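Peer 1: One structure is given below, represented as structure tokens, and several questions about it will come after.
Read the figures in this text as sums done on the coordinates, not as results from a lab. Since the model is a prediction, treat every value here as computed from it, not as a measurement. When we count neighbours, we look across all protein chains shown, and the Cβ atoms used for this are built from the backbone with ideal geometry, even at glycine.
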Amino acid sequence: MNVEVTPLPGIGTRQDFMIRAGRRIGVITYRDGKFELIVSRKDDPDDCSASVALTPAEAGTLAGLLGAPQLVAHLDEQHRDVAGISTRQFPIVPGSRFDGRTLGETELRTRTGASIVAVVRAGSVHPSPRPDFPFEGGDLVVVVGTAEGLAKTTDVLDG
Amino acid sequence: MHDTAIALIQLGAVFFGLGLLGKMAWRIGISPIPLYLIGGLAFGQGGLVPLHGIEGFSHIASEIGVILLLLLLGLEYSAAELMTGLKRSWTAGLVDIVLNAAPGAIAALVLGWGPVGALAMAGVTYISSSGIIAKVLGDLGRLGNRETPVVLSVLVFEDLAMAVYLPILTAVLAGVSFLGGLGAVGISLAAITVVLVVALKFGRYVSAVVDSPDPEVFLLKLLGAALLVAGLASQLQVSAAVGAFLLGIAISGSTAENATRMLEPLRDLFAAMFFVVFGLNTDPASIPPVLALAVALAVVTTLTKVATGWWAAKRQGIGKLGRARAGAALVARGEFSIVIASLTVASGAVDGELAALATAYVLLMAVLGPVAARVVEPLAKSVRGRSAEAAAV
């Protein structure tokens, strides 16, 4: 992907790129550390239809949401040599059964054979979480297992 | 004690009134500068309410206002940004100078203010208000637009042009001859070169002198350094404003960013006082005679700025709507036009009418600028729609 970096003197830096849908999408990084998400307009690629101010924490969360699939893809790549093993991510829906409970309480390993290798929360990755790791609504749980194990995981985490 | 009480009440009333004006201005989407000027016109000489007892303070406060305005203008862009700006946008910068300085200079010559008046008015109509423009671009969510770097690079070039222009202006105002003027040009070019080199190579040393992790120490050292440099420059007949500006350029990196953040509220306070004092010293009765001329200048220089922006954006491959936006964004004139007018009038080298013309002009342009930036898009679209309709028929 060809990311264009444009200095904005006195303000900060604009980094953006063309997406396949024909729009420019990118981020303005202000000198004082704030971010702004920008999306260009369809009918006028010079103009922006949205420019959304984000705090560093919000930007981190958004990056995590968008970056999680990449983490899964990366893990999948690593497990390719082991036949029958794959990686998937499951959201902890706010207010659902395991929102506020610990990883150990899911008894996932015992019930499905699959294991939780990472939890993505608010943009940051918590690798190899321990059984006492408490889940929060909005977490993304990255699970490695067989196809059957992963199917069962869906039932456990949804149920 | 009684005098102090009256002075405090007057000062409090002035600041509170300016606060209300500022709130009103941003609510209707214009810069507060014209309202501050009107506030100043309303007080004092020939105005409604005479202010006594705070002249001493308001005079020095307005001087500090000018120093802070120019210190922050210098801080706004790093030396590296100035250098790349110079390399990338010098053609657009030259077009900007030619198109926008000429109307002011011609008006001054027609009015018989001589070459000195022409030089001053050229500056008044040339320099865009980077403060108003940055605020308006941010408010309208246009910082991510493709034409915005073009607009900013024109502003960067104007910043550099000021570094050369202000020393020349102050030398000429001090009454040096034509040859002496050429000498002043040489000296100011040498000074700005030295400052840029120092800022690029040794900026961290200059920064280290004023920098401190403690905000209180930092503020005191920074303000102290600015006033010292400004005072020394003033003593050397180069004008306090120029000294502060060059100091601003020499401070670089994170120190510059922290300094900007720290000084912004102070600048807003003292600059407001500067506008009021400038308005105070201008007799409201002197405005109506120059109003027609100010309107004519406003119309012409709006068109020339739009043309500058259009041309600069076109060179960067921006579409027609973007070119119109770039042009309209550059229209606003404000604080620096008033600074130039105030330097000129204070020297006594030019007819006092210049202050009236500059006031009326900035009153118009500071209102017109943000409005132009806002309405340009619907306007351009309706024009395009109409021409498309005409083509269809």
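Peer 1: Determine, for B:Leu263, B:Leu182, the number of other Cβ atoms within 10 Å of each Cβ, and report the residues in order from fewest to most.
Peer 2: Lowest count first: B:Leu182, B:Leu263.
Peer 1: Further question: Measure nothing but the geometry: give the 0 to 90° angle between the long axis through the Cα atoms of A:147-158 and the longest principal axis through the Cα atoms of chain A, rounded to 10°.
Peer 2: With both axes taken from Cα atoms, the answer is about 80 degrees.
Peer 1: Could you tell me how far the Cα centroid of segment B:191-215 sits from the Cα centroid of segment A:46-84, in Å?
Peer 2: Segment A:46-84 and segment B:191-215 have Cα centres spaced 40 Å from each other.
Peer 1: Which helices pass in chain B if a helix is a full DSSP H run, must span at least 15 angstrom along its long axis by Cα, and must have mean Kyte-Doolittle hydropathy not below -0.5?
Peer 2: B:2-27, B:55-76, B:79-110, B:114-126, B:148-173, B:178-210, B:215-235, B:240-250, B:253-280, B:287-315, B:335-347, B:353-392
Peer 1: Name the trypsin sites (Lys or Arg not before Pro) in segment A:89-121 that are in a loop by DSSP and that have at most 12 other C-beta atoms within 10 Å, would you?
Peer 2: none
Peer 1: Only Cα pairs under 8 Å and at least 6 apart count here; give the relative contact order of chain B as a rounded whole percent.
Peer 2: 29 percent
Peer 1: What's the local net charge at A:Val52, with K and R +1, D and E -1, over the other residues with C-beta under 10 Å away?
Peer 2: -2
Peer 1: Sum up the charges of everything whose Cβ sits under 11 Å from the Cβ of A:Arg121, counting Lys and Arg as +1 and Asp and Glu as -1, but leave A:Arg121 out.
Peer 2: -2
Peer 1: Let me ask something else. Once you have a ≥ b ≥ c as the square roots of the Cα gyration tensor eigenvalues for chain B, tell me rounded if a/c is under 1.5, and otherwise prolate or oblate according to whether a/b is larger than b/c.
Peer 2: rounded
Peer 1: Quickly work out the A:Ser128-to-B:Leu21 label distance, labels modelled 7 Å from Cα along the C-beta direction, and quote it in nm with one decimal.
Peer 2: It works out to 6.7 nm between the two label points.
Peer 1: Search the structure for amide H atoms under 5 Å from the amide H of A:Arg101, placed 1.01 Å from N in the peptide plane, and list their residues when 5 or more places away or on another chain.
Peer 2: Those qualifying (amide H under 5 Å, at least 5 residues apart or on another chain) are A:Phe135.
Peer 1: Would you mind ranking A:Ser115, B:Ser31, B:Ser382 by Cβ crowding within 10 Å, fewest neighbours first?
Peer 2: B:Ser382, A:Ser115, B:Ser31
Peer 1: Oh, and also: Mind listing the phi-derived Karplus ³J(HN,Hα) values for segment A:27-38, rounded to whole Hz, using 6.51, -1.76 and 1.60 with θ = phi - 60°, and x for any glycine or proline?
Peer 2: Listing the rounded values in order: 9, 9, 9, 6, 4, 8, x, 6, 10, 9, 8, 10 Hz.
Peer 1: Gap in Å between the Cα centre of segment B:119-148 and the Cα centre of segment A:90-140?
Peer 2: First find each Cα centre; the distance between them is then 51 Å.
Peer 1: Now, a different point. Exposure proxy check: A:Val117, B:Val350 ranked by fewest other beta carbons within 10 Å?
Peer 2: So the ranking, lowest neighbour count to highest, is A:Val117, B:Val350.
Peer 1: Follow-up question, since we're still on this one. By a straight-distance test (C-alpha under 20 Å), which lysines pair with B:Lys87 as possible cross-link partners, with residues fewer than eight away in the same chain excluded?
Peer 2: Within reach: B:Lys201, B:Lys314.
Peer 1: Contact order normalised by length for chain A, with contacts defined as Cα pairs under 8 Å and 6 or more residues apart; what percent is it?
Peer 2: RCO, chain A: 18 percent.
Peer 1: Excluding B:Ser286 itself, what net charge comes from residues whose Cβ is under 11 Å from its Cβ, given Lys and Arg +1 and Asp and Glu -1?
Peer 2: That works out to -3.
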